[in-house]
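In what follows, a single structure is set out as structure tokens and then discussed.
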Amino acid sequence: MNRKLFFEEFRKNIDRDKILTQREVTALDKFLDLYEKSEKRFSVAQWAYIFATTCHETAYTFEPVREAYWLSEDWRRKNLRYYPYYGRGYVQITWERNYKFFGYMLKIPLAAQPDLALNADTAFQILIIGFEKGSFTGKKISDYISADGKKKDFTGARRCINGTDKAESIAALAKLFEAMLINSF
């Protein structure tokens, strides 16, 4: 992968302020490292959607985040009915049963230590398993975007994560990421 080209395209087409900070570069580099290790698990179009979802879910940072990251832990404790199992990671896994499931899948004590989902490697594995197996909503990425390229429903793929919330804007991001991934090789 030509990362220089990828970063140029990201800055130009996706980054909101068109200036990549060192923190943004570091986070994207880590995500790209993880992607390159798992690249064969999905098609380019599927990866494009995974990148777009991660971009949206992390507020364009590509860093694992806490749900309502701009608010305090005290606010989360008082306002989230599934506390302490609120959203963490590249995608916001919630509820104790999901922390137990992903902890079992990854062989880590995730339910006992929910903040482990903030580790980039762990967050990435949760992201991949969830899309591959349909663990988030019962819908797999392959239900909407086929590996052979015959089916590509970037809008419908939002159902893998969160119903139809922001489906159109994430689909638009997926199209940009698809072009970036293709052009970066």
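With of a type in the set (S, T, N, Q), open to solvent by 30 Å² or more (accessible area, probe 1.4 Å) and modelled with pLDDT under 95 as the only criterion, which of Thr21, Thr26 stands out?
That would be Thr21, the only listed residue that is of a type in the set (S, T, N, Q), open to solvent by 30 Å² or more (accessible area, probe 1.4 Å) and modelled with pLDDT under 95.
So that you can scan it fast, the table gives a plain yes or no per residue for (1) surrounded by fewer than 19 Cβ atoms within 10 Å (Cβ to Cβ); (2) touching a residue at least 24 places away in the same chain (Cβ under 8 Å); (3) part of a helix (DSSP H, G or I):
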site	(1), (2), (3)
Lys78	yes, no, yes
Tyr83	yes, no, no
Tyr99	no, no, yes
Tyr104	yes, no, yes
Leu110	no, no, no
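If you go through segment 41-66, how many residues are part of a helix (DSSP H, G or I) and either open to solvent by less than 30 Å² (accessible area, probe 1.4 Å) or touching a Phe, Trp or Tyr at 6+ places or on another chain (Cβ under 8 Å) (or both)?
The total comes to 12.
Restricting to segment 1-17, give me the number of residues that are open to solvent by 90 Å² or more (accessible area, probe 1.4 Å) and closer than 17 Å to Ala52 by Cα.
Here the count works out to 3.
It is to be established whether one or more residues within segment 74-83 are within 27 Å of Thr21 (Cβ to Cβ) and not small (Gly, Ala, Ser).
Yes, because at least one residue in segment 74-83 is within 27 Å of Thr21 (Cβ to Cβ) and not small (Gly, Ala, Ser).
Please verify whether segment 150-165 includes one or more residues that are in contact (Cβ under 8 Å) with a residue 24 or more places away in the chain, farther than 20 Å from Glu39 by Cα and either more than 14 Å from the chain's Cα centre (by Cα) or surrounded by fewer than 22 Cβ atoms within 10 Å (Cβ to Cβ) (or both).
Among the residues of segment 150-165, at least one is in contact (Cβ under 8 Å) with a residue 24 or more places away in the chain, farther than 20 Å from Glu39 by Cα and either more than 14 Å from the chain's Cα centre (by Cα) or surrounded by fewer than 22 Cβ atoms within 10 Å (Cβ to Cβ) (or both), which makes the answer yes.
Just checking, does segment 117-127 include any residue being assigned to a loop (DSSP other than H, G, I, E, B), out of contact with any His (no Cβ under 7 Å at 6 or more places or on another chain) and either within 20 Å of Tyr83 (Cα to Cα) or modelled with pLDDT under 95 (or both)?
Taking segment 117-127 first, the residues assigned to a loop (DSSP other than H, G, I, E, B) are 119.
Still in the running and out of contact with any His (no Cβ under 7 Å at 6 or more places or on another chain): 119.
Checking the rest, the ones that are also either within 20 Å of Tyr83 (Cα to Cα) or modelled with pLDDT under 95 (or both) come to 119.
Yes, segment 117-127 has at least one match.
Go through (1) surrounded by 19 or more Cβ atoms within 10 Å (Cβ to Cβ); (2) closer than 21 Å to Trp47 by Cβ for Arg88 and report which single condition fails.
Of the numbered conditions (1) surrounded by 19 or more Cβ atoms within 10 Å (Cβ to Cβ); (2) closer than 21 Å to Trp47 by Cβ, the odd one out for Arg88 is (2).
The values are calculated or read from the model by the stated rules, or taken from the named source; none is laboratory data. What you see is a predicted model, and the numbers here were worked out from it, not measured in a lab. Backbone-built Cβ (ideal geometry, glycine too); neighbour counts: all protein chains shown. For the accessible areas, the whole protein counts, side chains as well, though only heavy atoms, and no ligand, DNA or RNA atoms are used. Shrake-Rupley method; radii C 1.70, N 1.55, O 1.52, S 1.80 Å.
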